[in-house]
Amino acid sequence: MDKALEKRYNTWIIILSIVIPIVVVILFGVKIPNVKPLSFLPPIYASINGVTAVLLLAAVWAIKNGKRKLHENLMKVCILCSVLFLGMYVAYHMTSDSTTYGGEGLIKTVYFAILISHIVLSVIIIPIVLVTYVRALLGKFDLHVKIARYAFPLWLYVAVTGVVVYWMISPYYAH
């Protein structure tokens, strides 16, 4: 095993795990002037979350049925979906005002509980997914499986709650 390569991967995991959330927060506050709001994006990026959830389930099915190459390809598509989601999410918020949730009472509490857990876990999942992926890439499948047991349900939760958050706030989007 090339320890230098593993060290480079680990350095990139640390950098990306710190930089991605910081850049997202910074860009979330940036509004591009004189640009038409990209109001068509929320249902698209919510759908990407839904697709990611389905692909994650398919990837687990594939590996449990000995279809390693299919599993690998599905996981690469899941990562691509997450990158696409993030790009669209940031683009939407750079061109549009945030939507205020209009529900009241218990449903508002439920919405914010789901939203906050979704946001927190979406940050936490970044290094977990990257470490899981790199362990497979390096052929450390015993370590890959150990962390994948945690990565899968967390990532699935983030993907599913992304759809739920969209579904709950969509009636309040400006049209």
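Nothing in this text is a laboratory measurement; each read-out follows from the coordinates by a stated rule. Not measured: the values here are computed from a predicted model. Please note: Cβ atoms are built from the backbone with ideal geometry, for glycine as well, and neighbour counts cover all protein chains shown.
Selection within region 87-101: residues that are closer than 11 Å to Pro42 by Cα and aliphatic (A, V, I, L, M). The member of this set that is surrounded by the fewest Cβ atoms within 10 Å (Cβ to Cβ) is Ala91. His93 - would you say it is part of a helix (DSSP H, G or I), more than 12 Å from the chain's Cα centre (by Cα) and without any contact (Cβ under 8 Å) to a residue 60 or more places away in the chain? For His93, the condition - part of a helix (DSSP H, G or I), more than 12 Å from the chain's Cα centre (by Cα) and without any contact (Cβ under 8 Å) to a residue 60 or more places away in the chain - is not met. Residues that are surrounded by 13 or more Cβ atoms within 10 Å (Cβ to Cβ), in contact with a Lys or Arg (Cβ under 8 Å, 6 or more places away or on another chain) and assigned to a helix (DSSP H, G or I) are absent from region 102-119 altogether.
Residues that are within 20 Å of Val23 (Cα to Cα), polar (S, T, N, Q) and touching a helix residue (DSSP H, G or I) at 6+ places or on another chain (Cβ under 7 Å) do not occur anywhere in region 146-161.
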